[in-house]
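Throughout, read-outs are computed from the coordinates displayed, never taken from laboratory work. Only a predicted model underlies this, so the values are computations on that prediction, with no experimental measurement involved. Neighbour counts are summed over all protein chains in view; Cβ atoms, including those assigned to glycine, are modelled from backbone coordinates with ideal geometry.
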Amino acid sequence: MVAIIQDVSEMQRAAESLRTAGKRIGIVPTMGYLHEGHLSLIRTAKHHADVVVTTIFVNPKQFGPAEDYERYPRDLSNDSLLASSAGTDYIFAPESKSMYPNEYLTDVHIERYSSILEGRSRPGHFQGVATVVTKLLNITKPHVAVFGQKDAQQAVVIRQMLRDLNYDIELVIAPTVREADGLALSSRNSYLSTEERKQAPVLFQSLNLAEQRVREGVRVSVRIINEMSEFITNRSAGVIDYISIADSNTLEELSAIEGQRSVLISLAVRFGATRLIDNQIVKV
Ligand code: PAF
């Protein structure tokens, strides 16, 4: 049976006892409304740890004022069943006021990565992510933390933060889980209308097209980006926020693919009010 903890101190005490008992703790941070993508992260954590803590917290700090914090889907009872079936031992699901009480003043800011790509479109987002992840790590005291490749920039930001702040925590990045038609699983897919859902696989298809062009030897980024952009606009009503080809380690955008061993091709596309992201690491 999964134990659900909402209180910060209680979670810290539970984590401390597990450590004292010699258990290796794995954390899977989520915002809930769990789907198969999250469950695969939990299963991955189970391979790397004795005890898995799944955190469920819709973090207000990582949403911009015009974003979907209020309407973000929430379903703790179903999440508990799903997380438990995938092997979670503890769910940590705090209330917003216990994470950010009135007197709360501290933020974690990571230079550079916070203001490019997703960060450019979503100012303050990665500061919110870094802040809450820092808090969740301090509360659950894990030996290993599992995140998804679907949020590629988040993975880079967290890796940098763990290194810079000397966290003694292993980071595992698990592959993106997709629907049969290629759409990356996301809690936000639930916002899509039937027609938008039909069109949404263009993100994945355009990434495949880009990968094919890289394999064919195309090296000028703008050529690939224009082709992806045309592909998406010809086949869907999606409005492109950005398409980027970047160094997969530094996230530096590349005008030409030269000397990199792998590149991160990423994009964000809006379908109505729903913003979807996806990415692919392409070996050169
Ligand atoms: O990836 C997410 O769901 C969130 O950004 C995270 C890491 C749980 C922080 O709120």
For the chain, what does -39500 (n - 2.57) per DSSP helix run (n ≥ 4), summed and divided by total residues, give at 222 nm, in deg cm²/dmol to the nearest 500?
-11500 deg cm²/dmol
Under a 10 Å cutoff between Cα atoms, tell me which one of 88, 54, 250 has the largest fluctuation in the Gaussian network model of the chain.
250
Using only Cα atoms, locate the centre of segment 96-140 and the centre of segment 195-238, then give the distance between them in Å, rounded to an integer.
31 Å
Relative to the compact-globule estimate 2.2 N^0.38 Å (N residues), the Cα gyration radius of the chain stands at a ratio of 1.02
Which of 46/141; 46/97; 97/135; 150/198 exceed 23 Å between C-alpha atoms? The answer is 46/97
Dipole size in debye (nearest 20) for the chain around its Cα centre, Lys and Arg Cβ +1, Asp and Glu Cβ -1?
360 debye
Name the longest site-free stretch of the chain, where the excluded sites are trypsin sites (Lys or Arg not before Pro) in a DSSP loop with no more than 10 other beta-carbon atoms within 10 Å.
72-260
Hull surface over four for the Cα convex hull of segment 168-284, reported in nm², is 8.3 nm²
For segment 151-189 and segment 1-68, what is the separation of their C-alpha centers, rounded to whole Å?
14 Å
